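The values are calculated or read from the model by the stated rules, or taken from the named source; none is laboratory data. Everything numeric here is computed off the predicted structure, so don't read it as measured data. Neighbour counts are summed over all protein chains in view; Cβ atoms, including those assigned to glycine, are modelled from backbone coordinates with ideal geometry.
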Amino acid sequence: MKYKINIRKYSKWLILVAFVVVLTILKPKSFLTIGNISNVLWSISVVGLLTSGTIFTLLLGGIDLSVGSLMGLSACTTVLMIQKFGFTNQGLVRGILCALLIGVVAGCFHGIVVTLCNVQAFLVTFATQSVFLGISQVLTNNKIISCLKPDLFTAIGLGRIGPFTFPIYLMTMVALISWYILNKTVFGRYVYAVGGNREAAKNSGINDKMVSILCYVFSGVTASIGGVVLASMTQQGMASTGSGYETDVITAAVIGGVSLLGGEGKIQDAIIGAVLVGLLNNGMNLVGVPSTHQGLLKGMVIVIAVAIDLAGKYESKRKLIEFKKGRKVV
Amino acid sequence: MNIMLEAKDINKSFSGVKVLKDVHIEIAKGEVHALMGENGAGKSTLIKILTGAYTKDSGSIFWKGKEVEISSLRDCQNLGMACIYQELSVIPVLTVAQNIYLGREPKIGKTGFIDYKKMNRMTQELIDNYEFPLKPTDMAGDLGIGLRQLIEILKGLSCDAELLIMDEPTASLSGKEAEILFRTIETLRDKGVSILYISHRLEEVYRLSDRLTILRDGVNEAVLIKAEIKPQKVIRFMIGKEVDESNGSVKTLTKNTNETALKVENLTSRGKFNDISFEVKKGEILGFGGLIGAGRTELVRCLYGADKYTSGTIYLYGEKHVPGSTKKSIKKGFGFVPEDRRGEGFIPLLSVNKNIAVTNYDLISKKLMAISSKEELAMCLSSIEKIDIRPPDPDKQVGLLSGGNQQKVVIGKWLMRELKVLIVDEPTAGIDVGAKDEIYGLLQALARSGVVIILVSSDLQELLRLSDRILVMRKGKIVKEFSAGTVTQADILEAASGLMEERL
């Protein structure tokens, strides 16, 4: 019994190790090199960064589908700001501050609409997804704005410290902050409590609305940081630059065992989930799977992995919920 | 008499405990037959056997004189019985007619398209036949709970049901809705439909039933015909004859003369309860008795700050207390154990450790905002020891504990604080006897240490055993106070059913 639980607890790490072993055997020369590992991590750094914030909304049992287009908006804002201030460092600082502000405001808006107006998070963020995209399109006149200067700007996405690029360090830092908040602070405990049973949390004196709003703010802020990084990586501002990232983030979280019903999941596992997706992409390239087949294969692997991992867990949770509904009030 | 359904010598036990002993019930054609009994008398078990949800250990069931085996709800429907549930299965976005013929819609020829005209006509015929205040094209979601219940009844009738089983049908109805239901039941009876009516509300049974079967502790206590159904008599049969301190059917109350701890003046929440005033002394256990829906839960939730009230004042040790939020109440020394343990009491996915700590983070020291996990664990271990949570594993998910231990966790988190008032709503519902005694012990010890305990309980035995004083609520008002002298279960039940008012 005890043994079983432990396997479940570390299943993601086991899969990760299995992945690495298989790829090392298949491609001994090209896979396990610092360069390749750095590449894999770089490719998932933005997803990992976003996941560190979006996980808060998932833990509540909510969701944030707007992160992709919010990234686009903050990427465009940053680049436009830099352009306005003549490609100087001053413009960069203002651009980043603007992007962060947008993230906070967007998060507040989501949180307030979801909690105070009782609208489903799915609907609200689905709607704002196109709102943010629309704003970006208006701001940029639907054009791609190229931005190669200042050097500090390009360093955010492409700069190297040692063998790794800067976004990898940034992702690690944000993930660590997220881990600290979730595991060490009272707020983190409250997030799990509200996600696990909102009524019980309220009865325990937790201001569940405040907790919810803050969670959406975290999600917004990491999306805007992600936008800045992505703008720097691509050296341009484009409205649609982040589209699709919301799917990657949710995929990473779910593969990492974060329950979409709320109350359950760990940031470290979600990051592992992101790494697994990155490894899968990388592995397919190394082994030489044609790019036309990659999407199909990736989707199938994800479905199978998630189904195996969650089959037991959702079953038990469903039982809990049914028990609650079937409970007879005498 | 033309007997529709007869159950003979039904026996049933759960894990060795006999819950039904040679129970017998018969329902004649065109009669309203009521089934009454205290909580745990075996009413639900009997109904579940009759509808095929449980299998009986022994005994036989006869339908129109022929012995039958009922092993599923389908069997029961095929015979011509319909069960109207408390929790409705009506689909709100469909019309009355669509709900009634769901899954067996009349088709146009063999095309597979639904013949809505015919469906509405068939529904209208049914409605006319039984004089229901409904229209076939009404959207179910626009109707009140009472009328939705009528849809359920029609659904049963449309399958030619000759016997309707109604389990506490008025539990969630307003007075007006209940009145419509009663009239419907009377019409149905006149049309020859039999009804098995389960309720613990005396006035309804008194009004509706032609015969009444009373169960007590899983045994047939009496079968009364209409002329014999007298409230006092029914109560006596339900509770039993011997009035004895040891079995908790009677208690001598003594006055508590401590200082007043909590004082409530004219508390009102529109539509829920009205003009409630009472005082509680330090260290007193104040019990609230009454039927389900009397407004007790709503009242204590307002006291705690979980819900808002319309008007009134609350004083805590002479100081005015406005429970704006649960957080504020907790700071002032309130604790709350809600009625719906699983839905509102604890967080099933989190460990015992975190469930105990969840209300007490203000007492745990923090460094750089990080909680001292050492203190958190120490708190959990001390509460595990204090209230004997089994297994004594701080990392165990609370959802995996037994009901009794879950409740101990819910209560336990309050014991870690300096409490002034602890509100407990149905603290032992669905909990085994051993854990019950432990929880009683905990509450009594708390009261001895000076904490005010406000207890809401529908279990009369529990109410009598724990309370120093008992207030009985009915329809949102306090109708009776038992503060000194002897009080019996029958007294409380009479007050809760409104018999006291009638006699005055």
Problem set entry | Which numbered condition B:ALA294 fails, given (1) in contact with a strand residue (DSSP E or B) (Cβ under 6 Å, 6 or more places away or on another chain); (2) not in a loop (DSSP other than H, G, I, E, B) | (2)
Seminar exercise, completed: Considering only strands (runs of 3 or more DSSP E) wholly within the stretch B:133-231, the ones with at least 1 residues that are touching a residue at least 24 places away in the same chain (Cβ under 8 Å) and among the small types (Gly, Ala, Ser) are B:194-198
Exercise. When you look at B:SER329, is it more than 14 Å from chain A (Cβ to nearest Cβ), among the hydroxyl-bearing types (Ser, Thr, Tyr), closer than 29 Å to B:ILE411 by Cβ and in contact with a helix residue (DSSP H, G or I) (Cβ under 6 Å, 6 or more places away or on another chain), yes or no?
Worked result: no
Problem set entry | Members of the stretch B:363-375 found to be more than 9 Å from chain A (Cβ to nearest Cβ) and in a helix (DSSP H, G or I), listed by number | B:LEU363, B:LYS374, B:GLU375
For this session: Output yes when any residue across the stretch B:338-360 is of a type in the set (S, T, N, Q) and more than 21 Å from A:GLY195 (Cα to Cα), and no when none is.
Result: no
For this session: Please work out if B:PHE288 is away from every other protein chain (no Cβ under 11 Å) and either under 29 Å from B:LEU381 (Cα atoms) or crowded, with 22+ Cβ neighbours inside 10 Å (or both).
Result: yes
Exercise. Right, B:GLY283: more than 10 Å from every other protein chain (Cβ to nearest Cβ), surrounded by fewer than 23 Cβ atoms within 10 Å (Cβ to Cβ), touching an Asp or Glu at 6+ places or on another chain (Cβ under 9 Å) and not aliphatic (A, V, I, L, M) or not?
Worked result: yes
Exercise. Only one of B:LEU88, B:LEU35, B:LEU20, B:LEU79 is of a type in the set (A, V, I, L, M, F, W, C), within 24 Å of B:ILE145 (Cα to Cα) and at pLDDT 85 or above; which?
Worked result: B:LEU35
For this session: Could you tell me which of the residues B:LEU460, B:LEU443, B:LEU400 is under 27 Å from B:MET379 (Cβ atoms) and within 14 Å of chain A (Cβ to nearest Cβ)?
Result: B:LEU400
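Yes/no matrix, rows are residues, columns are (1) under 26 Å from the mean Cα position of the chain (by Cα); (2) under 16 Å from B:ILE10 (Cα atoms); (3) touching a residue at least 60 places away in the same chain (Cβ under 8 Å):
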| position | (1), (2), (3) |
| --- | --- |
| B:HIS24 | yes, yes, yes |
| B:HIS33 | yes, no, yes |
| B:GLY37 | yes, no, yes |
| B:LEU46 | yes, yes, yes |
| B:VAL93 | no, no, no |
| B:LYS107 | no, no, no |
| B:THR123 | no, no, no |
Exercise. Does the stretch B:301-311 contain any residue that is part of a loop (DSSP other than H, G, I, E, B) and polar (S, T, N, Q)?
Worked result: yes
For this session: Could you identify the single residue in A:LEU286, A:LEU260 that is part of a loop (DSSP other than H, G, I, E, B) and among the hydrophobic types (A, V, I, L, M, F, W, C)?
Result: A:LEU260
For this session: Would you mind finding the one in A:GLY278, A:GLY237 that is modelled with pLDDT under 90, within 29 Å of A:LEU158 (Cβ to Cβ) and away from every other protein chain (no Cβ under 14 Å)?
Result: A:GLY278
For this session: Give the residue, chosen from B:GLY434, B:GLY412, B:GLY430, that is within 14 Å of chain A (Cβ to nearest Cβ), on the phi < 0 side of the Ramachandran plot and not hydroxyl-bearing (Ser, Thr, Tyr).
Result: B:GLY412
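Yes or no, residue by residue, for (1) surrounded by fewer than 24 Cβ atoms within 10 Å (Cβ to Cβ); (2) aromatic (Phe, Trp, Tyr); (3) closer than 22 Å to A:ALA106 by Cα:
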| residue | (1), (2), (3) |
| --- | --- |
| A:PHE31 | yes, yes, no |
| A:ILE37 | yes, no, no |
| A:ASP64 | no, no, yes |
| A:MET71 | no, no, yes |
| A:THR78 | no, no, yes |
| A:MET81 | yes, no, yes |
| A:ARG94 | yes, no, yes |
For this session: Might you check whether a residue that is surrounded by fewer than 20 Cβ atoms within 10 Å (Cβ to Cβ), without any contact (Cβ under 8 Å) to a residue 12 or more places away in the chain and on the phi > 0 side of the Ramachandran plot occurs anywhere in the stretch A:153-167?
Result: yes
Exercise. Quick check: anything in the stretch B:341-353 in contact with a helix residue (DSSP H, G or I) (Cβ under 9 Å, 6 or more places away or on another chain) and farther than 21 Å from B:GLY403 by Cα?
Worked result: no
